[in-house]
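Asks: Below: one structure in structure tokens.
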Amino acid sequence: MIRVAAVGDVHVDHDVVGRYRPALEQLPEVADALLIAGDLTRHGTVEEARSFVTEFGGLAVPVVTVLGNHDHQSDQQDAVSTVLTDAGITVLEGTSAVLELGGRRLGVAGVKGFGGGFGGTCASNFGEREMKDFVRVGEDAANRLEAALTGVECDALVALTHYAPVPETLAGEPPEIHAFLGSYQLGRAIDAAGATLALHGHAHHGTERGRTPGGVPVRNVAHPVIKQAYNVYQLLSDEAEVTLVHA
Amino acid sequence: MTRQVDDYLEAEIQRLLTEDDRVAEQGITVQRREQSVVLGGEVESPERRAEICRRITERFPDVEITCDIGITRTSVPVDAEEIS
Ligand SMILES: [Fe+2]
Ligand SMILES: [Fe+2]
């Protein structure tokens, strides 16, 4: 069994330092790894990244993250990533990591993702240059997620994004903004590659549970949705039925 | 003259909540209730809630604002979900 703790949208600045720490100190008792689904900071500054690292760094379990749109606000996303990486935190963007946890391999492939919408109300690659750029950025993120997922050799595979891969976990958000909260293309990538679980954030007023059209469980772990320091998900609970993904 | 509570005001508040550097929140709801505005949602600290109310009141002194914003708890989960 692998126990994955997850949260998103912690939006850390100096005023948040110390709020999560007591719960984080207890992580090793309840989980084997912590995955964070983006919006680590408020404005994506280096100073805020340092606050994030003060709060979420030096933990007794490995920490894997993707960035969110807030972490891009100051155009310092590369510097933010460097601060995290220097503190031993893994930042994924079209990439993957494999964690060895008690003899089992947890694969995590991640991308920030982007908007684009879902089903019959998705955006199309048509018209003005700005519109085509919007659609292309979302499509490109989904393609990189699919490539990252496909390349992983592990026992359980988690897709980690900031933007949502399905509309079900957006329930509670106004439908008018769904196209800014996620894209069906992320869901399609997850289904094409196959995953044990998909985690995302970004939709603060969304709903925790959903599923992709292909049947992969999706969890919106945005902090205001889960309303606690992190959630814990158990993977591979049936130890006898372990199969290799993409062996 | 008292500011009319209408679509334009609602949009202005929505944008201030996100674009004001001292707020930067996308998860605050703005609802009209007769001639007042109710702010909802959750933020990460009491300081942020206070700052939101301060900024909105400063910018729209004639508008009656009700601040129903909560602080998201950071407790340890008492259970785990089995994914299958
Ligand atoms: Fe967020
Ligand atoms: Fe976000």
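The values are calculated or read from the model by the stated rules, or taken from the named source; none is laboratory data. Keep in mind the model is a prediction, meaning the values are calculated, not measured. Every residue, glycine as well, gets a Cβ built from its backbone with ideal geometry; the counts of neighbours run over all protein chains shown. We work out accessible area using only protein heavy atoms, side chains counted, and drop any ligands, DNA or RNA first. Shrake-Rupley method; radii C 1.70, N 1.55, O 1.52, S 1.80 Å.
Asks: Kindly provide the set of residues from the range B:28-55 that are without any contact (Cβ under 8 Å) to a residue 24 or more places away in the chain and touching a strand residue (DSSP E or B) at 6+ places or on another chain (Cβ under 7 Å), ordered by number.
Replies: Answer for the range B:28-55, where residues must be without any contact (Cβ under 8 Å) to a residue 24 or more places away in the chain and touching a strand residue (DSSP E or B) at 6+ places or on another chain (Cβ under 7 Å): B:Thr29, B:Val30, B:Gln31, B:Arg49, B:Cys53.
Asks: Given the conditions (1) touching a helix residue (DSSP H, G or I) at 6+ places or on another chain (Cβ under 7 Å); (2) part of a strand (DSSP E or B), report the number of the one that B:Arg22 does not fulfil.
Replies: Failed condition: (2).
Asks: Condition test on A:Leu157, is it within 14 Å of chain B (Cβ to nearest Cβ), within 16 Å of ligand 2 (Cβ to nearest atom), outside any loop (DSSP other than H, G, I, E, B) and touching a Ser or Thr at 6+ places or on another chain (Cβ under 8 Å)?
Replies: Criteria not met by A:Leu157.
Asks: Does the range A:72-92 include one or more residues that are open to solvent by less than 10 Å² (accessible area, probe 1.4 Å), within 14 Å of chain B (Cβ to nearest Cβ) and at pLDDT 95 or above?
Replies: There is no residue in the range A:72-92 that is open to solvent by less than 10 Å² (accessible area, probe 1.4 Å), within 14 Å of chain B (Cβ to nearest Cβ) and at pLDDT 95 or above.
Asks: One residue is enough: does the range A:222-231 have a residue meeting the conditions over 16 Å from A:Ala37 (Cα atoms) and either open to solvent by less than 10 Å² (accessible area, probe 1.4 Å) or away from chain B (no Cβ under 14 Å) (or both)?
Replies: The answer is no, given that none of the residues of the range A:222-231 is over 16 Å from A:Ala37 (Cα atoms) and either open to solvent by less than 10 Å² (accessible area, probe 1.4 Å) or away from chain B (no Cβ under 14 Å) (or both).
Asks: What single numbered condition from (1) touching a Phe, Trp or Tyr at 6+ places or on another chain (Cβ under 8 Å); (2) farther than 21 Å from B:Glu81 by Cβ; (3) not in a helix (DSSP H, G or I) fails to hold for A:Glu100?
Replies: For A:Glu100, the failing item is (1).
Asks: Can you tell me which residue among B:Arg55, B:Arg32, B:Arg15, B:Arg49 is assigned to a helix (DSSP H, G or I), under 13 Å from the mean Cα position of the chain (by Cα) and more than 14 Å from every other protein chain (Cβ to nearest Cβ)?
Replies: When all the criteria are applied, what remains is B:Arg55.
Asks: For the range A:149-192, name all the residues that are closer than 20 Å to A:Tyr233 by Cβ and open to solvent by 10 Å² or more (accessible area, probe 1.4 Å).
Replies: Within the range A:149-192, A:Asp155, A:Tyr163, A:Glu168, A:Ala171, A:Asp191 meet the criteria.
Asks: State whether the residues of the range A:43-61 include one that is touching a Leu at 6+ places or on another chain (Cβ under 6 Å), within 18 Å of A:Thr95 (Cα to Cα) and open to solvent by 10 Å² or more (accessible area, probe 1.4 Å).
Replies: No.
Asks: Just to be sure I understand the filter: pairs with C-beta atoms under 6 Å, separated by 6 or more residues or on different chains, first member in the range A:1-30 and more than 17 Å from A:Pro62 (Cα to Cα), second member away from ligand 2 (no atom under 16 Å from the Cβ) and open to solvent by 10 Å² or more (accessible area, probe 1.4 Å). Which pairs pass?
Replies: Taking only residues 6 or more apart or on different chains, the pairs are A:Val12/A:Ser51; A:Asp13/A:Ser51; A:His14/A:Ser51; A:Asp15/B:Glu47; A:Val17/A:Ser51; A:Val17/A:Thr54; A:Arg19/B:Thr74.
Asks: A follow-up question, please. Which residues, taken from the range A:206-221, are within 14 Å of the chain's Cα centre (by Cα), part of a strand (DSSP E or B) and within 11 Å of chain B (Cβ to nearest Cβ)?
Replies: The answer is A:Pro217, A:Val218, A:Arg219.
Asks: Looking for whichever is at pLDDT 95 or above, within 10 Å of chain B (Cβ to nearest Cβ), within 18 Å of A:Ile36 (Cα to Cα) and within 16 Å of ligand 2 (Cβ to nearest atom) here; the options are A:Ala203, A:Ala164. Which one fits?
Replies: None of the other options fit; the residue is A:Ala203.
Asks: Quick one: how many residues across the range A:172-193 are within 16 Å of the chain's Cα centre (by Cα) and assigned to a loop (DSSP other than H, G, I, E, B)?
Replies: The qualifying residues number 0.
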